[in-house]
Structures are given as structure tokens and as C-alpha cells.
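Below is one structure, written out as C-alpha cells, with a few remarks after it.
The values are calculated or read from the model by the stated rules, or taken from the named source; none is laboratory data. Being a predicted model, the structure only gives us computed values, none of them experimental. Here the Cβ positions follow ideal geometry from the backbone for every residue, glycine too, while neighbour counts run over all protein chains shown.
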Amino acid sequence: MSKPVQDWSARVEELSGAKLNDCYQCGKCTAGCPRAEVMDVPPTRIMRSAQTGDVLEVAKARSIWQCLSCQTCTARCPKNVEVAGVVDALRQISIETNTFSDESLKVVSFQKAFLRSVRRNGRTNETEMATDFEARYFFRRFDVANVVRVGLLGPKMIARGKMHFKLGSPVKDKALVKRIFDKCGVEL
């Protein structure tokens with residue numbers, strides 16, 4: 001059973017720190033957004049959906065994964081509403097409820113691989129992260145062509161110094177990283 005409408009809006013406010021009712025739909029967030037023209041749901045409509053409690057519907061939108069997190073929407077807001085924070089909250093809700101679109105699966109898989117690498121090492125390990133991402137994404141989609149393409153790209157990146165083949169190298173205070181992840185309650 002899904003939560004009542006008010007609970008979803010309250011959850012967005014809790015996660016983002018934004019006061020949703022401060023948004024009066026002026027559209028400056030969308031006007032300033034460098035990605036608005038390719039978004040299926042522009043920032044103004046994202047905010048309206050969050051206000052009305054249609055959170056699970058907008059959590060399926062590709063837009064929340066196309067956002068660059070550049071903070072332009074937040075900077076342009078005349079009421080100082082944390083629009084970018086709302087998008088981040090919707091991403092979190094999307095992952096928690098498994099409501100992201102099929103088109104967004106690759107982005108979600110990559111972000112999870114990134115966070116798993118940071119959780120294990122305290123920072124990213126490019127080789128480990130890429131392997132984790134490709135393996136999990138492959139088994140979700142069985143995309144053999146992509147695995148071959150990426151497999152051929154890896155050695156070229158290593159040769160150009162763009163990717164380092166080094167396993168391990170965790171930070172010294174892994175306990176601190178563990179506390180951060182525990183406090184956030186992130187499940188990957």
C-alpha cells in the first residue's frame with residue numbers, strides 16, 4: 001500500500017530541506033535550466049508534482065536523472081526554494097521505491113556502482129567501479145555489445161592515463177566513511 005499524498009510531499013521536504021509551498025510556479029527554475037529543453041518533466045512541473053504529492057509519478061521521469069545538479073534552478077528562485085534539493089530527494093525516493101524508468105536504469109546503475117566503490121574504499125576506484133557497473137548493468141539488460149565496446153575502451157583509457165589499474169587504495173579512516181553511510185541509511 002502506498003503512502004498518502006501528504007506523506008510523500010513531507011518526505012520530499014524532509015530529504016531536501018525545501019519548503020515546497022514557498023514555490024509559486026514563476027518558472028524561473030525552468031527558464032534557467034540548461035537541460036530543460038530535453039527534459040520530459042521540466043523543473044517547474046517537478047516542483048508542482050512535489051507540492052501536490054504526485055511524487056511517485058515524477059520519480060519515474062527521466063528528468064530527475066538528466067539534471068546536472070548545477071544549482072541554477074535554486075540560484076534563480078526568487079523564494080530561495082531548494083529546487084535542486086527536491087530533485088535529489090526525488091532521486092532518492094525513486095531508488096528507494098524502485099520507480100525509475102527503463103531509460104534511467106543505466107544512470108541509476110552507475111550511481112549505485114559509484115556509491116558502492118566509495119563505501120568500500122572511502123573514494124572511488126575507477127577499475128573496480130567500472131567492473132561493478134558493467135557486470136550489474138549487463139545482467140539487468142544482457143547488453144553484450146556494450147560489454148565488448150567498453151572492454152575495448154578500457155585499455156585505451158589506461159594507455160592514455162585516463163584510468164588507473166589499481167585495486168585497493170582505500171582512505172585511512174574507513175570508519176568515518178562507514179559512519180557517513182550508516183547515518184544516511186543508504187542501501188545499495
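Does the range 55-84 hold any residues that are outside any loop (DSSP other than H, G, I, E, B) and surrounded by fewer than 18 Cβ atoms within 10 Å (Cβ to Cβ), and which are they?
L56, E57, A75, R76 - these are the residues of the range 55-84 that are outside any loop (DSSP other than H, G, I, E, B) and surrounded by fewer than 18 Cβ atoms within 10 Å (Cβ to Cβ).
Go over the candidates S69, S49 one by one and state the one that is within 15 Å of the chain's Cα centre (by Cα) and free of Cβ contacts under 8 Å to residues at least 24 places away in the same chain.
S69
Being farther than 30 Å from L15 by Cα, surrounded by 10 or more Cβ atoms within 10 Å (Cβ to Cβ) and modelled with pLDDT under 80 is the filter here; which residues of the range 140-161 pass it?
Residues satisfying the conditions are R141, D143, N146, V147, V150, G151, G154.
If you check R91 against the conditions, is it at pLDDT 95 or above, basic (K, R) and either part of a loop (DSSP other than H, G, I, E, B) or surrounded by fewer than 22 Cβ atoms within 10 Å (Cβ to Cβ) (or both)?
So R91 does not fit the description; no.
Would you please name the residue that is nearest to V107 (Cα to Cα), looking only at residues in the range 30-54 that are part of a helix (DSSP H, G or I) and out of contact with any Ser or Thr (no Cβ under 7 Å at 6 or more places or on another chain)? Full working, then the answer.
Going residue by residue through the range 30-54, those that are part of a helix (DSSP H, G or I) are 30-32, 36-38, 43-52.
From what is left, the residues that are out of contact with any Ser or Thr (no Cβ under 7 Å at 6 or more places or on another chain) are 31, 37-38, 45, 47-49, 52.
On the way: A31: 25, E37: 19, V38: 16, R45: 22, M47: 22, R48: 24, S49: 22, T52: 27 Å.
Top of the filtered list is V38.
Looking at the range 106-126, is at least one residue part of a loop (DSSP other than H, G, I, E, B), without any contact (Cβ under 8 Å) to a residue 40 or more places away in the chain and farther than 27 Å from V38 by Cα?
The answer is yes, given that some residue of the range 106-126 is part of a loop (DSSP other than H, G, I, E, B), without any contact (Cβ under 8 Å) to a residue 40 or more places away in the chain and farther than 27 Å from V38 by Cα.
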